[in-house]
Amino acid sequence: MSSTTIKNVTIERFGHASFKIEGEGMIIYIDPYVLPDKVDYEDQADIILITHEHYDHCSPEAIRAVRKSDSTTLVPESCTLEFRGDARRISEGDMLIGDLAIKGIGIEVVPAYNIEKSFHPQGTGVGYIIEVDGLRIYHAGDTDFIPQMKDISVDVALLPIGGTYTMDEAEAAEATLAIAPDVVIPMHYNYSDATPADAGMFKQLVQDKNPDIEVVIL
Ligand SMILES: [Zn+2]
């Protein structure tokens, strides 16, 4: 478990694709699955974002651990699970910004899918761009390097590098160069045997081509 603070926003990665983002008085969990043993009330979620239905991204047990009575959960239309409380179905292209922002947090729902693998067909999963205290953060979900990434403009990108189900280090480095965030944080690697990756190699590949992009390994 480790975290970084960028401007006024703290980004914590528990492992795999599970993040807690805290800023503007809000706590946002994305794909809670790997979590601390106990999540105290003050660390529970105002907003929970689920990228797709696979067990390592949409874990009922983990959602129960972070959910409060007033949490808002966003889940893709394709999820078959039932959710309690304020759960909203979203799909790629949704723009929850301005008057539609969730508890003051602007959220854009973007595509996430595989190109030559069959695990994540387009339309089943999503990525999210959230704006917290002026900082735009992109959680890519389980995806390959897809053409739509070239249109993504963010300060921080959380990108999978583990291969097999998603981009590997080299593909994720190409995606990083296309997106050109200030900071990139690799995820979705070294948690299961099927997603071995070398975050140091990913960092080298990015910085050899664009030393202005900071690679933060959490
Ligand atoms: Zn998946």
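A few points about this structure:
- For segment 130-155, residues that are out of contact with any strand residue (DSSP E or B) (no Cβ under 7 Å at 6 or more places or on another chain) and acidic (Asp, Glu) total 2.
- Counting only residues that are of a type in the set (A, V, I, L, M, F, W, C) and assigned to a helix (DSSP H, G or I), segment 177-218 holds 8 of them.
- Checking Arg88, Arg64 one by one, the residue that is away from the ligand (no atom under 16 Å from the Cβ), farther than 17 Å from Met26 by Cβ and without any contact (Cβ under 8 Å) to a residue 40 or more places away in the chain is Arg64 and no other.
- Test: residue in segment 41-52 that is out of contact with any Asp or Glu (no Cβ under 8 Å at 6 or more places or on another chain) and more than 21 Å from Ile105 (Cβ to Cβ): no
- Ser71 in contact with a Gly (Cβ under 8 Å, 6 or more places away or on another chain) and modelled with pLDDT under 95: no
- Filter result (farther than 17 Å from Thr4 by Cβ, surrounded by fewer than 20 Cβ atoms within 10 Å (Cβ to Cβ) and in contact (Cβ under 8 Å) with a residue 60 or more places away in the chain) within segment 181-218: Tyr191, Ser192
- Qualifying residue in segment 138-147 (condition: in contact with a helix residue (DSSP H, G or I) (Cβ under 8 Å, 6 or more places away or on another chain), in contact (Cβ under 8 Å) with a residue 12 or more places away in the chain and among the acidic types (Asp, Glu)): yes
- Restricting attention to segment 17-61, the residues that are β-branched (Val, Ile, Thr), without any contact (Cβ under 8 Å) to a residue 60 or more places away in the chain and within 15 Å of the ligand (Cβ to nearest atom) total 1.
- In this entry, Thr124 is excluded by the filter for residues that are polar (S, T, N, Q), surrounded by 15 or more Cβ atoms within 10 Å (Cβ to Cβ), free of Cβ contacts under 8 Å to residues at least 40 places away in the same chain and within 14 Å of the ligand (Cβ to nearest atom).
- Residues located in segment 98-121, provided they are part of a loop (DSSP other than H, G, I, E, B), touching a residue at least 24 places away in the same chain (Cβ under 8 Å) and away from the ligand (no atom under 13 Å from the Cβ): Lys103, Gly104, Ile115, Glu116
- Residue among Asp151, Asp142, Asp133 that alone is closer than 29 Å to Arg89 by Cβ and buried (at least 20 other Cβ atoms within 10 Å of the Cβ): Asp142
- Note on segment 23-34: residues that are under 15 Å from Ser2 (Cα atoms) and surrounded by fewer than 20 Cβ atoms within 10 Å (Cβ to Cβ) amount to 1.
- Filtered residues of segment 127-144 (kept if within 16 Å of the ligand (Cβ to nearest atom) and either modelled with pLDDT under 95 or on the phi < 0 side of the Ramachandran plot (or both)): Gly127, Tyr128, His139, Ala140, Asp142, Thr143, Asp144
- Single residue of segment 44-100 satisfying the filter (closer than 18 Å to Tyr138 by Cα and polar (S, T, N, Q)) that is surrounded by the most Cβ atoms within 10 Å (Cβ to Cβ): Thr51
The values are calculated or read from the model by the stated rules, or taken from the named source; none is laboratory data. Please read all numbers here as calculations on a predicted model, not as lab measurements. Note: ideal-geometry Cβ built from the backbone for every residue, glycine included; neighbour counts use all protein chains shown.
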